[in-house]
Amino acid sequence: MKFSKTFFSIFLLAIFTISCSSDDGKDGIDGVDGAPGATGPAGATGTANVIYSAWMTAPAATAETIDGTSGLSTTINAPELSADIVAKGTVLVYMSFGSGVYTLPYTSTAGGSVNTITAITSVQKIKLFRFKHAADGTTVNLPTSLNWRYILIPGGVQATAKAAKLDYSKMSYEEVCARLNIQP
């Protein structure tokens, strides 16, 4: 009986020593995680990193041939248009005349011929080029009374699934301004 009391005492001492050890590094009792909180309201769309110009006029256009197409061109300065934006970003160009704002490229029937005004980007410059679809050697004027504006959206930031679905070229000027929180 003496042996069993001694064995039992040693056994209890061993269990007590093991169960009270501070080697596990835990203080207190590990509880159960609570339920997730409610989703907060959506934040306002911001214009972080988006660059946009004021409305401006362009210099008088001159005759030019680009990729074998004759037309008239002029250039507006875009000092914020970097090589990185040209390579990886989005450049939106708008034209304003009369009571409307139009996204480039803009195709119309002016001067009795179907023609297109398009934007060609390069570092710090946006070339505006108007050409006729008929290859008759004539051009349609690109008047200095037109107003232009650009919006530069830098690339290189991975888009979320929601943002990846956006195609700004298919949005109206007003929709783009609202989406990017830009004053029209």
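The values are calculated or read from the model by the stated rules, or taken from the named source; none is laboratory data. Not measured: the values here are computed from a predicted model. Ideal geometry is used to build each Cβ from the backbone, glycine not excepted, and the neighbour counts take in all protein chains shown.
Values computed for the structure shown
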item: Residues within region 58-90 that are surrounded by fewer than 13 Cβ atoms within 10 Å (Cβ to Cβ) and of a type in the set (Val, Ile, Thr), tallied; result: 2
item: Leading residue by the ranking (farthest from the chain's Cα centre (by Cα)) among those in region 40-69 that are at pLDDT 70 or above and farther than 24 Å from Asn115 by Cβ; result: Ala54
item: Failed item in (1) of a type in the set (Val, Ile, Thr); (2) exposed (fewer than 13 other Cβ atoms within 10 Å of the Cβ); (3) closer than 20 Å to Glu175 by Cβ, with Thr109 passing the rest; result: (3)
item: Any chance Thr90 is at pLDDT below 95, farther than 16 Å from Pro143 by Cα and touching a strand residue (DSSP E or B) at 6+ places or on another chain (Cβ under 7 Å); result: yes
item: Qualifying residue in region 144-163 (condition: at pLDDT 90 or above, in contact with a Lys or Arg (Cβ under 8 Å, 6 or more places away or on another chain) and either β-branched (Val, Ile, Thr) or within 22 Å of Ile85 (Cβ to Cβ) (or both)); result: yes
item: Criterion (modelled with pLDDT of 95 or more and assigned to a strand (DSSP E or B)) met by exactly one of Ser108, Ser73; result: Ser73
item: Residue ID - farthest from Ala58 (Cα to Cα), chosen from residues in region 76-105 that are hydrophobic (A, V, I, L, M, F, W, C) and assigned to a loop (DSSP other than H, G, I, E, B); result: Leu81
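Yes or no, residue by residue, for (1) loosely packed, with under 13 Cβ neighbours inside 10 Å; (2) within 32 Å of the chain's Cα centre (by Cα); (3) at pLDDT below 95:
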{"site": "Met95", "(1), (2), (3)": "no, yes, no"}
{"site": "Gly100", "(1), (2), (3)": "yes, yes, yes"}
{"site": "Ile117", "(1), (2), (3)": "no, yes, no"}
{"site": "Thr121", "(1), (2), (3)": "no, yes, no"}
{"site": "Lys127", "(1), (2), (3)": "no, yes, no"}
{"site": "Ala135", "(1), (2), (3)": "yes, no, yes"}
